[in-house]
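Colleague: Have a look at the structure that comes next, please.
The values are calculated or read from the model by the stated rules, or taken from the named source; none is laboratory data. On a predicted model such as this, the values are computed, not experimentally measured, just so you know. Using ideal geometry, Cβ is built from the backbone for each residue, glycine included, and neighbour counts are taken over all protein chains shown. Note: areas computed on protein heavy atoms with side chains; ligands, DNA, RNA excluded. Shrake-Rupley method; radii C 1.70, N 1.55, O 1.52, S 1.80 Å.
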Amino acid sequence: MQRNPMITKLINKTNMKKSFLLLAAAMMFVACNKKQETPQAEHQNPFLTDYTTEYEVPPFEDILAEDYIPAIEAGIKQQNEEIEAIVNNQEPATFENTIDALDMSGDILSKVALVLYNVTESDATEELQKVMEQAIPMLTEHNDNIYMRADLYARVKAVYDDKENHPEYTTEQLMVLEKINRAFVRNGVGLDEAGQARMREINKELATLENKFGDNLLAETNAFQLVLETEEELAGLPKAVRDAAALLATENGMEGKYLFTLQKPSWIPFMQYSARRDLREKMFKAYANRGNNGGEHDNNQVVLDIIRLRIEKAKLLGFDTPANFILDETMAKNQTTVDKFLDGIFKPAVAKAKVEREELQKMIDKENGGFKLEPWDWDYYTEKLRQEKYALNEDDIKPYFQMEKVREGMFNLAATLYDLKFEKLENMPKFNKEAEVFKVSSSVDGSLIGILYTDYYPRASKRAGAWMTNFREQSNLNGKEIRPVIVNIGNFTKPTAESPSLLSLDDVETMFHEFGHALHGLLTQCHYKTVSGTNVARDFVELFSQINENWAFEPEILKTYATHYQTGEVIPDSLIEKIQRVSTFNQGFITTELCAAAILDMRWHELTSVDGIDVQKFEADVMKAAGLIDEIIPRYRTTYFNHAFKGGYSAGYYGYLWAEVLDKDAFEMFRKNGLLDKETALAFKHKMIEKGGSDEPMKLFIDFRGAEPNSDAMLRGRGLK
């Protein structure tokens, strides 16, 4: 986090006496000196005043690590007072004096928590991690205090039970009422005193363990380095990959060497191109064993403790497994439905992966390799096979996918479809110097849609992967319109001295994916934060990100943004044709590793006990029973499965495949009516994106599509049918 150099740190208690002595001496010196100096302004906690920044974005550079805990304490105090006002209201409970008031409460706490969580994920420091360790129990206890409070729930339930007598309630209000009532029930308001006490302990322990899982994973990812020096060690690596590794080495004080890490922009091209099988094996095993190396950052026991507590929590609330508890508020509803869904995808995916395996083994044998295909060989020989079958080399493609140009094309597509305007803002507060800021407004009437931050490059302080989140949620209650502040995070290849950031096809798809989430957060037009933007069922939310991917490689869209970074040449038809032809290449592997991870996630959360379980054996047994072949591992193994054990996708990783059925079927409307058909785009915008979670997901889908989804388009898209 960047700090204002003019702001001094708060005095540490252990140095208090010394500091007072120094302060006294300094005051005497000033008193004796005729020249008067302007006293330094006292630091004001930015969270405890209204933001005075442009568009009221968080004043990141003014926020100190020491500001978070006092702001959390003030936020808790403020919300407690607001809750007391609701409970002590002598008027009968109504939607306005209870539900509206509850949704609007906690302004300070929302401000500080959204900044703390998001900055810690994208730009963590040891200082911030310590703040998180202190903040998590406080926030967890406060949440429990609200949702276990019987007198508050009595008013909520009174409104809920009386909803049939209020035909004037909007669909959104009914959904808000349903979600808030369910939140109290699912957080244990109906438990007896002993049950609530135990639930509080579970929630605190879980929050701490989940944070520890993420911290361990970040530490394990950053711990490994492969430093190369000789031409023999660099065999097979293209110049662009070498340049990036040389730059990374220089940044880490290893001038003249080549550094490779487990960050995806470094790890993936190494596995694709390195001719050194021994080094590929070393890199692969380092990546695949994160969190499974013993020592202080090992996640094996952390996983068991998390699952044990999730099982106990589910049973306290009347569910047999964590999976059924979690899925009760999703489209799928239960684990049986999810297991059947995944089985229907996994079997054809593995069948295709076996065919792909044979092709790769034949290539190895043709080269007289003399070895059996192993997991660390798959990416390398897949890249060679792609070049052989399709004459498609990533190095030939990347020059046409400069990060800034891809982003511009993505913005232009959204502008065309949804009547938007994007304007880059300079000199805005940033949570990291690499972030960029954009104002998003309506091209029809100029009204503000929201503010978008993009932060696309890896660093040691950022967790792996890509995601969308927000620093402020949209709402519009009592005539007070609050527009959102959204952020897209990525881990793409950094620019070098010789070239800008050039993206792979996977990077381009990822950028479009996360921007789809951003559009969902930006375009929302709800009244209540409870259902605003991406506050929807976990297996519905990915529809909005994944449908945006569909435009990325369509020929007419590609030609609007894919231009050579040196010559300005528009991507030629020959390359576009190759990209189209390769769309289902290696899909057996891709679908199998993804589906395997989803199955692994489900099996962990379908447990009723962890007694006697060894994490590594359990994972191996699950994958063997499912039918996973030895040459493929799950996309995420247990000890680094951040989605399942920290990131909010526990018993929910299947949602990517579930939502793909929805997105591919919905995109058929655009294929039928035209990729840029305005009527279809605005229908999707108004009937789906703007609605957030204000209605049941299937109702929203049917309202747009006219029927329930059909899985054929998804299976065809992956070449599985």
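Colleague: Of all residues in the range 464-494, how many are touching a Phe, Trp or Tyr at 6+ places or on another chain (Cβ under 9 Å) and free of Cβ contacts under 8 Å to residues at least 12 places away in the same chain?
Modeller: Total meeting the criteria: 0.
Colleague: Looking only at the range 342-358, count every residue that is open to solvent by 40 Å² or more (accessible area, probe 1.4 Å) and closer than 14 Å to residue 598 by Cα and tell me the total.
Modeller: Residues that pass the stated criteria total 3.
Colleague: Something else now. Please go through the range 52-96 and give me each residue that is open to solvent by 10 Å² or more (accessible area, probe 1.4 Å), in contact with a Pro (Cβ under 8 Å, 6 or more places away or on another chain) and either in contact (Cβ under 8 Å) with a residue 40 or more places away in the chain or of a type in the set (Gly, Ala, Ser) (or both), ordered by number.
Modeller: Selection gives 53, 59, 61, 62.
Colleague: Restricting the range 422-446 to residues that are in contact (Cβ under 8 Å) with a residue 60 or more places away in the chain and not β-branched (Val, Ile, Thr), which is most open to solvent (accessible area, probe 1.4 Å)?
Modeller: Here the residue is 433.
Colleague: Moving to a separate point now. Restricting attention to helices (runs of 4 or more DSSP H) lying wholly within the range 609-721, give those where 1 or more residues are of a type in the set (Gly, Ala, Ser) and touching a residue at least 40 places away in the same chain (Cβ under 8 Å).
Modeller: 615-626, 642-645, 655-673, 678-687, 712-717
Colleague: Could you tell me whether residue 230 is assigned to a helix (DSSP H, G or I), at pLDDT 95 or above and β-branched (Val, Ile, Thr)?
Modeller: Criteria not met by residue 230.
Colleague: Same structure again: Going residue by residue through the range 397-420, is there one that turns out to be touching a helix residue (DSSP H, G or I) at 6+ places or on another chain (Cβ under 7 Å), part of a loop (DSSP other than H, G, I, E, B) and either under 30 Å from residue 471 (Cβ atoms) or not acidic (Asp, Glu) (or both)?
Modeller: The answer is yes; a qualifying residue exists.
Colleague: If you go through the range 447-463 one residue at a time, how many are touching a residue at least 12 places away in the same chain (Cβ under 8 Å) and open to solvent by 40 Å² or more (accessible area, probe 1.4 Å)?
Modeller: Total meeting the criteria: 3.
Colleague: If you don't mind, there's one more thing I want to ask. I'd like to verify a number: residues in the range 253-273 that are open to solvent by less than 10 Å² (accessible area, probe 1.4 Å) and farther than 23 Å from residue 508 by Cα, how many?
Modeller: 1
Colleague: Restricting to the range 421-451, and then to whatever is in contact with a Pro (Cβ under 9 Å, 6 or more places away or on another chain) and in a strand (DSSP E or B), can you tell me which residue is farthest from residue 475 (Cα to Cα)?
Modeller: Per the stated criteria, the residue is 437.
Colleague: Mind listing whichever residues of the range 155-177 are surrounded by 13 or more Cβ atoms within 10 Å (Cβ to Cβ) and farther than 30 Å from residue 688 by Cβ?
Modeller: Listed by number, the residues that qualify are 155, 157, 158, 162.
Colleague: Hey, any hits in the range 216-229 for a residue that's closer than 26 Å to residue 324 by Cβ and aromatic (Phe, Trp, Tyr)?
Modeller: No, the conditions are met nowhere in the range 216-229.
Colleague: Still on this structure, please answer the following. Answer yes or no as to whether residue 654 is touching a Leu at 6+ places or on another chain (Cβ under 7 Å), aromatic (Phe, Trp, Tyr), buried (at least 18 other Cβ atoms within 10 Å of the Cβ) and at pLDDT 95 or above.
Modeller: So residue 654 fits the description; yes.
Colleague: Between 703, 677, 663, which is at pLDDT 95 or above, open to solvent by 40 Å² or more (accessible area, probe 1.4 Å) and within 30 Å of residue 180 (Cβ to Cβ)?
Modeller: Only one candidate passes the filter, namely 703.
Colleague: While we're looking at this one, here's another question. Given the condition closer than 22 Å to residue 441 by Cβ and not small (Gly, Ala, Ser), answer yes or no: does some residue in the range 491-506 qualify?
Modeller: No, every residue in the range 491-506 fails to be closer than 22 Å to residue 441 by Cβ and not small (Gly, Ala, Ser).
Colleague: Let me ask something else. Evaluate the following for residue 405: is it farther than 25 Å from residue 280 by Cβ, in contact (Cβ under 8 Å) with a residue 12 or more places away in the chain and open to solvent by 20 Å² or more (accessible area, probe 1.4 Å)?
Modeller: Yes, satisfied.
Colleague: Still on this structure: Say whether the condition of being open to solvent by 50 Å² or more (accessible area, probe 1.4 Å), in a helix (DSSP H, G or I) and aliphatic (A, V, I, L, M) is met by at least one residue in the range 202-220.
Modeller: no
Colleague: Scan the range 260-280 and report the pairs whose first residue is farther than 10 Å from residue 380 by Cα and of a type in the set (Gly, Ala, Ser) and whose second residue is open to solvent by less than 10 Å² (accessible area, probe 1.4 Å) and at pLDDT 95 or above, with Cβ atoms within less than 8 Å and a gap of 6+ or a chain change.
Modeller: 266/245; 266/259; 266/260
Colleague: I've got another one for you. Report, by residue number, each residue of the range 532-562 that is of a type in the set (Gly, Ala, Ser) and within 17 Å of residue 668 (Cα to Cα).
Modeller: 545, 552
Colleague: State all residues of the range 130-174 that are among the basic types (Lys, Arg) and part of a helix (DSSP H, G or I); if no residue qualifies, say none.
Modeller: If the condition is that a residue be among the basic types (Lys, Arg) and part of a helix (DSSP H, G or I), then 130, 155, 157, 163 are the ones that fit.
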